[in-house]
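Accompanying notes for the structure given below.
The values are calculated or read from the model by the stated rules, or taken from the named source; none is laboratory data. Keep in mind that what you see is a predicted model, and the values were worked out from it rather than measured. With ideal geometry, Cβ positions are generated from the backbone for all residues, glycine too; neighbour counts draw on all protein chains shown. Accessible surface areas use protein heavy atoms only, side chains included; no ligands, DNA or RNA. Shrake-Rupley method; radii C 1.70, N 1.55, O 1.52, S 1.80 Å.
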Amino acid sequence: MMFLCTWSARRPGSTSSANIMTMRVTLLIANREYLENVKTKGFWLGVLLVPLIFFGIFYLSSRLATATPTRYFVLVDKSEQYASAVDAAIQREHQRHVMQDFMAYLQENRQQTAGTTLPQTSNSRLNELIDDFGNDEVSALDGWVEGGGLDMALQMARPYLREDAPPFEEPRPQFIQAEIPSGIDTSASPDQIVEQMRPYLADERRLNVDGERVPLFALILIPEDVNEDIVRPDSLQTLMTDNNAPRGVQYWTANLTDTRLSNAIQTSLNDAIRQQEYASRGINIQQVRSVQRTRMPVSQLDPNKAEGEEAVSFADTFRQWAPMGFVYLIFISLMQSVQYLLSNTIEEKSNRIIEVLLASVTPSELMMGKLLGIGATGITTIVAWIASFFVFLQVYQSVETAMLVDILDVLLSSELLPYFVFYYLCCYALYAGIFLAIGSLCNTLKEAQSLIMPLMLVLVVPVLTMSFVAQDPNGTMARIMSWIPLFTPFTMMNRAAAQPPMVDIVGTTIVLLICIVAVLWLSGRIFRQGILRTGQPPRIVELWRMIRRRGQQ
Amino acid sequence: MSESVLKLHDVCKRYGDFTAVDNISLSIPKGSVYGFLGPNGAGKTTTIRMILDIIRPDTGQIEVLGSPSAMNVRHRIGYLPEEKGLYKKMKVWAIIAYFGTLQGLSRKQARSKAFELLERYGLSDFANSAIESLSKGMGQKVQVLASIVHEPELVILDEPFSGLDPVNQEVLEQLIRDLSDNGQTVIFSTHVMQHAERLCERLLLITKGRKVFDGTVADAHAIIPRRIVLETCESVDSLQGIDGVLSINRLPPDPTGRPAGSCQWELYVREQADPQEILQHCFSNGVTLSRFDFTQASLHDVFMHLVGTEAREHKFR
């Protein structure tokens with residue numbers, strides 16, 4: 001008997017026809033893998049759910065600002081001095097709201113002019129207001145209130161509005177002072193009043209406002225002797241030594257997150273007592289006012305930009321933060337791919353499809369086919385997300401989306417996109433190989449879960465450190481992480497907007513590429529032997545043997 | 001012997017201390033139906049996996065369709081593994097066509113071939129069903145079709161009959177005959193002798209990794225001498241002189257009632273011996289027979305004869 005070759009020389013040379021064959025088979029496997037993934041409900045759920053959640057949050061947050069219910073509070077002013085200050089605070093808070101809405105209205109309905117800034121008007125007061133609004137809200141609000149509020153602003157803005165602009169709708173007040181409920185003895189001591197009001201604060205009883213029963217948001221209780229608690233620089237000592245008894249104005253509420261009312265009242269009360277203070281010290285209040293409104297502008301400039309264009313715009317700030325979004329995108333997409341890499345490989349293993357496959361294709365073809373097919377699935381998801389983003393912008397246009405359009409411009413025009421594409425692919429190649437090898441060793445997803453745990457922990461690191469890296473993109477931590485291949489795609493993407501040193505870009509890329517080749521080679525070896533294994537996943541020692549064993553099962 | 005499609009030469013495979021396949025050599029002629037027989041754990045599947053180059057032997061050489069590795073000629077081989085499984089979500093026709101394309105058919109060819117096979121073997125109603133909706137036996141038939149869709153020269157079926165009902169076993173036997181009529185070589189493994197007896201031209205019998213028989217079905221039958229059971233009251237000594245009679249033994253008395261004085265005798269005769277001649281001899285010598293049983297040893301008997309004790313020991317080990 002004559003044999004052409006022996007076993008040591010197997011899989012003879014790669015002729016070009018063999019290469020074409022390999023490629024054909026790899027593509028066939030990739031194609032099946034892709035179609036099977038894309039056909040599942042889970043895939044479309046992922047594709048649709050992420051934009052839905054994103055836009056849902058976006059929509060809700062822009063709606064919720066105006067959708068907070070009207071809050072009712074009760075004021076018990078036993079000192080009979082500060083009712084007007086509280087009232088002023090409420091007024092001011094409302095006017096601030098009106099002003100914000102008006103500015104948004106103005107931006108939305110101004111006559112179309114080039115650029116995204118507000119139109120230059122010939123009216124200096126309106127200009128001043130717009131300028132203040134952009135830089136110093138407190139001064140803007142002062143100007144707004146002193147100038148006559150909404151009526152004045154509407155009148156001034158009218159010539160600059162589009163002809164078809166809808167009338168401005170004044171927002172409803174967010175805080176309304178309700179009557180003290182009948183049956184509350186306001187002549188009692190503060191402690192007793194609070195005791196009486198407790199059922200209302202706990203929402204066990206409700207207030208009656210114009211026949212409607214509404215919950216009590218806050219109780220503002222000003223004791224008779226409140227002025228004794230005023231803190232002055234020389235009275236700090238007593239503040240330090242005092243016990244925990246409530247001091248000054250008491251603000252009772254069960255809602256600790258909405259601090260607008262308490263902030264407004266605090267500001268307003270301070271304003272009131274300072275005025276008293278100025279008066280008692282004989283200082284001219286008008287002069288103080290005008291001094292307080294004096295300010296020095298601070299312009300943010302970026303040394304990396306062309307001369308004359310150094311001013312930092314919103315888009316520039318965003319560009320600094322955009323890489324974080326890309327890091328997230330890489331992470332989420334990778335997580336999705338991991339799912340497919342593991343479950344598809346394990347399906348083939350546990351259903352014993354693998355053996356028929358291996359009679360028709362080589363393990364390397366199978367692995368490459370899977371990598372490509374699942375990679376294409378991931379890319380499809382990302383493209384679908386981006387497409388839905390565009391569709392959303394087309395359908396839903398408003399002031400808020402004007403910002404999104406800016407964001408999109410930044411993303412598409414910047415140098416970040418090539419970085420993203422490159423690091424996305426590298427990240428996928430690096431991790432997909434590892435996960436595929438793990439999948440090939442396991443018979444059930446449960447087994448795989450325990451094996452991928454350490455890798456998952458590693459993957460969380462770049463996401464956790466993402467904001468630190470963004471704040472100090474060329475700092476020591478960022479640089480060290482960049483040189484660890486498992487983190488390189490994430491961290492370098494994170495740093496992409498901060499012009500990292502050339503040595504970092506080129507060096508880490510070389511290390512990363514070498515690492516990818518090594519990982520794919522090792523994964524291929526493990527995959528080839530793991531895929532036909534039955535029983536428990538191997539221990540580390542066995543794994544090492546699998547890698548080292550040459551041409552043996 | 002005509003051209004060989006498969007040659008094994010001193011092939012060994014060990015897993016640690018356990019020798020799965022021990023020095024097996026064989027040669028399978030083109031166009032034959034070849035049976036791999038042996039008890040569970042004999043090494044049939046390991047041998048088949050080595051033939052397909054899914055695992056590699058520790059020593060020895062294998063030549064498949066003139067190539068040292070089945071991988072190089074994989075499009076000319078069809079394989080049904082012992083453990084059957086298919087993608088659960090795929091449609092029946094699509095999975096047959098998919099394996100066809102992996103084996104080098106064009107999409108169009110693979111599709112039309114898939115429908116043709118489903119039609120021929122009575123599965124056309126299920127062409128558009130998902131695999132997961134089929135019964136196990138049905139899935140197995142689909143997988144057999146998937147392994148032969150590309151009309152391979154060499155078809156290797158590992159335990160193709162296990163899990164099939166008698167009707168489908170019949171269909172599968174017909175399929176194997178069709179392949180053979182078409183000039184394709186079929187190797188299949190089984191531990192059910194009847195299939196081998198009906199289908200195979202040649203057999204390989206292995207146990208504990210060692211080859212115990214390799215040859216035609218007729219050769220196998222010849223291994224066990226034919227057996228004749230006589231019942232008579234007379235002496236049977238005269239039969240000793242007949243050519244072809246190897247031995248005569250008296251069987252132990254049967255406890256159930258039998259005519260007084262009658263005995264049962266067991267005669268072993270050579271393959272070529274003619275039972276008619278023995279019967280004739282009895283008549284002419286006045287040996288009155290109350291029973292004359294002549295049984296052709298079945299493949300099952302051969303199997304039990306060759307591996308029975310070992311297989312039982314193996315089972316209770």
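Inside region A:339-350, can you point out the residues that are crowded, with 18+ Cβ neighbours inside 10 Å and under 19 Å from A:L532 (Cα atoms)? Listed by number, the residues that qualify are A:L341, A:L342, A:N344, A:T345, A:I346, A:E347, A:E348, A:K349. Tell me, yes or no, whether region B:73-93 has at least one residue that is farther than 15 Å from B:E159 by Cα, touching a Ser or Thr at 6+ places or on another chain (Cβ under 7 Å) and modelled with pLDDT under 90. Yes, the conditions are met somewhere in region B:73-93. If we scan region B:20-30, do we find a residue that is in contact with a strand residue (DSSP E or B) (Cβ under 9 Å, 6 or more places away or on another chain) and over 18 Å from B:V212 (Cβ atoms)? Taking every residue of region B:20-30 in turn, at least one turns out to be in contact with a strand residue (DSSP E or B) (Cβ under 9 Å, 6 or more places away or on another chain) and over 18 Å from B:V212 (Cβ atoms).
This table checks each residue for (1) of a type in the set (V, I, T); (2) crowded, with 16+ Cβ neighbours inside 10 Å.
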{"position": "A:T26", "(1), (2)": "yes, yes"}
{"position": "A:Y34", "(1), (2)": "no, yes"}
{"position": "A:G46", "(1), (2)": "no, yes"}
{"position": "A:F54", "(1), (2)": "no, no"}
{"position": "A:I57", "(1), (2)": "yes, no"}
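Restricting region B:98-112 to residues that are open to solvent by less than 30 Å² (accessible area, probe 1.4 Å) and either away from chain A (no Cβ under 12 Å) or not hydrophobic (A, V, I, L, M, F, W, C) (or both), the residue that is nearest to B:R76 (Cα to Cα) is B:Q103. Among the residues examined, B:R111 does not qualify as in contact with an Asp or Glu (Cβ under 9 Å, 6 or more places away or on another chain), at pLDDT 90 or above and over 23 Å from B:S189 (Cβ atoms).
Evaluating A:G507 against the criteria (1) within 27 Å of A:L441 (Cα to Cα); (2) modelled with pLDDT of 90 or more; (3) of a type outside the set (F, W, Y) leaves one unmet condition, (1).
Go through region B:32-54 and give me each residue that's of a type in the set (A, V, I, L, M, F, W, C) and either more than 11 Å from chain A (Cβ to nearest Cβ) or open to solvent by less than 10 Å² (accessible area, probe 1.4 Å) (or both).
Quick first cut of region B:32-54, residues of a type in the set (A, V, I, L, M, F, W, C) only: B:33, B:36-37, B:42, B:48, B:50-52, B:54.
Those that are of a type in the set (A, V, I, L, M, F, W, C) and either more than 11 Å from chain A (Cβ to nearest Cβ) or open to solvent by less than 10 Å² (accessible area, probe 1.4 Å) (or both): B:V33, B:F36, B:L37, B:A42, B:I48, B:M50, B:I51, B:L52.
The residue of region A:446-483 that is nearest to A:L334 (Cα to Cα), among those that are small (G, A, S) and in a helix (DSSP H, G or I), is A:A448. Checking each residue in region B:55-66 for being more than 7 Å from every other protein chain (Cβ to nearest Cβ) and under 22 Å from B:S147 (Cβ atoms) picks out B:I62, B:V64, B:L65, B:G66. Do we find a residue being at pLDDT below 85, open to solvent by 30 Å² or more (accessible area, probe 1.4 Å), of a type in the set (G, A, S) and under 30 Å from A:M456 (Cα atoms) anywhere in region A:322-338? Yes. Taken over region A:484-499, the criterion of being within 12 Å of A:V511 (Cβ to Cβ) and assigned to a loop (DSSP other than H, G, I, E, B) is satisfied by A:I484, A:P485, A:L486, A:F487. Cβ-Cβ under 6 Å, sequence separation 6+ or interchain: first residue in region A:185-205 and on the phi > 0 side of the Ramachandran plot, partner at pLDDT 85 or above. Which pairs? Here the result reads A:D203/A:P215, each pair linking region A:185-205 to a residue that is at pLDDT 85 or above. Residues in region B:55-97 that are crowded, with 24+ Cβ neighbours inside 10 Å and of a type in the set (S, T, Y): 1 in all.
Table: residues versus (1) at pLDDT below 85; (2) within 36 Å of the chain's Cα centre (by Cα); (3) in a helix (DSSP H, G or I).
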| position | (1), (2), (3) |
| --- | --- |
| A:G248 | yes, no, no |
| A:N263 | no, yes, yes |
| A:Q266 | no, yes, yes |
| A:N270 | no, yes, yes |
| A:R274 | no, no, yes |
| A:A279 | no, no, yes |
| A:Q286 | yes, no, yes |
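Only one entry in A:L404, A:L411, A:L417 is of a type outside the set (V, I, T) and modelled with pLDDT of 70 or more, namely A:L417. Looking only at region B:129-159, filter to residues that are touching a Phe, Trp or Tyr at 6+ places or on another chain (Cβ under 7 Å) and outside any helix (DSSP H, G or I); which one of those is surrounded by the fewest Cβ atoms within 10 Å (Cβ to Cβ)? That would be B:L134. Every test in (1) farther than 18 Å from A:V517 by Cα; (2) buried (at least 16 other Cβ atoms within 10 Å of the Cβ) is passed by A:M456 save one, and that test is (2). Among the residues making up region B:1-24, those that are open to solvent by 60 Å² or more (accessible area, probe 1.4 Å), of a type in the set (D, E, K, R) and part of a strand (DSSP E or B) are B:D10, B:R14.
Can you say whether B:V167 is open to solvent by 10 Å² or more (accessible area, probe 1.4 Å) and without any contact (Cβ under 8 Å) to a residue 12 or more places away in the chain, as far as the supplied structure shows? The answer is yes for B:V167. Of all the residues in region A:159-176, those that are open to solvent by less than 70 Å² (accessible area, probe 1.4 Å), closer than 30 Å to A:P215 by Cβ and out of contact with any helix residue (DSSP H, G or I) (no Cβ under 7 Å at 6 or more places or on another chain) number 1. Here region B:67-97 is the region considered, the condition is being touching a Leu at 6+ places or on another chain (Cβ under 9 Å) and among the basic types (K, R), and the residue that is nearest to the other protein chains (Cβ to nearest Cβ) is B:R74. Scanning region B:193-228 for residues that are touching a Ser or Thr at 6+ places or on another chain (Cβ under 9 Å) and open to solvent by less than 10 Å² (accessible area, probe 1.4 Å) yields a total of 7.
I need the full set of residues from region B:180-192 which are modelled with pLDDT of 90 or more and open to solvent by less than 10 Å² (accessible area, probe 1.4 Å), in order please. Explain how you work it out, then say what you get.
Applying the first criterion (modelled with pLDDT of 90 or more) to region B:180-192 yields B:180-189.
Listed by number, the residues that qualify are B:T185, B:V186, B:I187, B:F188, B:S189.
Remark: B:G183 matches the filter, which requires a residue to be over 24 Å from B:G137 (Cβ atoms), in contact with a Gly (Cβ under 8 Å, 6 or more places away or on another chain) and small (G, A, S).
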